1. Taking the stretch 272-303, which residues are more than 20 Å from Gly140 (Cα to Cα) and touching a helix residue (DSSP H, G or I) at 6+ places or on another chain (Cβ under 6 Å)?
2. Of all the strands (runs of 3 or more DSSP E) wholly in the stretch 50-143, which have at least 3 residues that are surrounded by fewer than 17 Cβ atoms within 10 Å (Cβ to Cβ)?
3. Condition check: more than 16 Å from the ligand (Cβ to nearest atom), over 19 Å from the mean Cα position of the chain (by Cα) and modelled with pLDDT of 95 or more. Does Glu129 satisfy that?
4. Taking the condition of being of a type in the set (Val, Ile, Thr) and more than 26 Å from Pro64 (Cβ to Cβ), how many residues in the stretch 215-258 meet it?
5. Among the listed residues Pro91, Pro61, identify the single one that is free of Cβ contacts under 8 Å to residues at least 40 places away in the same chain and either in contact with a strand residue (DSSP E or B) (Cβ under 8 Å, 6 or more places away or on another chain) or under 30 Å from Gly125 (Cα atoms) (or both).
6. Taking the stretch 184-200, which residues are surrounded by fewer than 17 Cβ atoms within 10 Å (Cβ to Cβ), of a type in the set (Asp, Glu) and within 13 Å of the ligand (Cβ to nearest atom)?
7. Output yes when any residue across the stretch 201-214 is at negative phi, within 15 Å of the ligand (Cβ to nearest atom) and surrounded by fewer than 20 Cβ atoms within 10 Å (Cβ to Cβ), and no when none is.
8. Quick check: anything in the stretch 220-237 farther than 25 Å from Glu261 by Cβ and in contact with a strand residue (DSSP E or B) (Cβ under 6 Å, 6 or more places away or on another chain)?
Amino acid sequence: MLIRVRPGWALRESEVTDEGLWRARRRFLSVAAGLAAAPALARAASEATMTAPLPDVRPDPAPPPGERPNTWEQITRYNNFYEFGTGKRDPARYAGRLRTRPWTVVVEGECERPGEIGIEDILRGFPLEERIYRLRCVEGWSMVIPWVGFPLRRLLERFRPTSAARYVAFETLHDPERMPGQHRRILDWPYREGLRMDEAVHPLTILAVGLHGRVLPNQNGAPLRLVVPWKYGFKSIKSIVRIRLVRERPPTTWSQAAPHEYGFYANVNPDVPHPRWSQRYERRIGELRRRPTLPFNGYAEAVAHLYAGMDLRRFF
Ligand code: MTE
């Protein structure tokens, strides 16, 4: 249970305002609350679900222009995490039971120093940064999320990839006792994803351990998930336990499940429709209007060169 304790330095309102005045204000507020109760209650509920703050996080020097991050509530209550059910609200309901300590990530394959690293060493070993990135899903919705993490490149460097490593393959934990959705064969478990090496070492590609300055909630992929902001959300694999450096393009969950619908690259591209719906527009969670989807999710300047000369309709 989470009990909120008023920090020692926080003054009560009664300590700074004349009592008659603040009582009158309270009466006014309790009437106004009739109108404003919904957001206030939502805020209280959202605070109750918040995880612990992460210390020593360097803020993003340049959030995307004009972007307002989605709230904690929005980011942690509307998720895709099929290991906990196929409904958007299932992960928030059921992922709580996943124990994320101890947790180790194995790094193996084409590298000089294969081995494993524990989550505590990851948290201690890499300076954490806040990066405000858009997340765009194939289903047409998007969010703006202040992720806390560090470049994937930093972790890979530790294990010294060899020149034979052309791709990086990732795997989520496979443990139906801890991830009950894996009892159903809706996907070929464990969830798998992959990147080409140049995509994996691109500075925008991060491993996230938190969001909104707090420890990553289970439903968002605790304790460690990938974030590749110019690709559709399904590339951002959650709760990673294995990273393999490989020569050949690795199989990935969605491109295996429905190859004509989901490609290996999955770059956000308004010009390439999904067979069952257009990708031209998106709806930010919390907004009613639709907005045009940007090529590479708005990160074209930083990443378009990775695909120079490639037919992006074929390599979708
Ligand atoms: N990772 C695993 N292991 N299992 C999943 O079902 N869903 C993907 C991706 N990573 C998924 C996953 C999809 S489809 C999306 S859109 C994003 O996670 C959603 O991330 P979010 O819930 O933090 O917004």
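The values are calculated or read from the model by the stated rules, or taken from the named source; none is laboratory data. Bear in mind that the values here come from a model prediction, so they are computed numbers and not experimental data. Counting neighbours? That spans all protein chains shown, and the Cβs are built from the backbone with ideal geometry, glycine included.
1. Initially, the stretch 272-303 is screened for residues more than 20 Å from Gly140 (Cα to Cα), giving 301-303.
Scanning the stretch 272-303 gives a single hit, Val303.
2. In the stretch 50-143, the matching strands (runs of 3 or more DSSP E) lie at 104-109, 115-118.
3. Considered against the rule, which asks whether it is more than 16 Å from the ligand (Cβ to nearest atom), over 19 Å from the mean Cα position of the chain (by Cα) and modelled with pLDDT of 95 or more, Glu129 comes out as no.
4. So the count comes out to 5.
5. After ruling out the rest, the residue left standing is Pro61.
6. Of everything in the stretch 184-200, just one residue is surrounded by fewer than 17 Cβ atoms within 10 Å (Cβ to Cβ), of a type in the set (Asp, Glu) and within 13 Å of the ligand (Cβ to nearest atom), namely Asp188.
7. There is at least one residue in the stretch 201-214 that is at negative phi, within 15 Å of the ligand (Cβ to nearest atom) and surrounded by fewer than 20 Cβ atoms within 10 Å (Cβ to Cβ).
8. Let us first name the residues in the stretch 220-237 that are farther than 25 Å from Glu261 by Cβ, namely 222-224.
Applying the additional criterion that residues be in contact with a strand residue (DSSP E or B) (Cβ under 6 Å, 6 or more places away or on another chain) yields 224.
Checked against the condition, which is being farther than 25 Å from Glu261 by Cβ and in contact with a strand residue (DSSP E or B) (Cβ under 6 Å, 6 or more places away or on another chain), the stretch 220-237 yields at least one hit.
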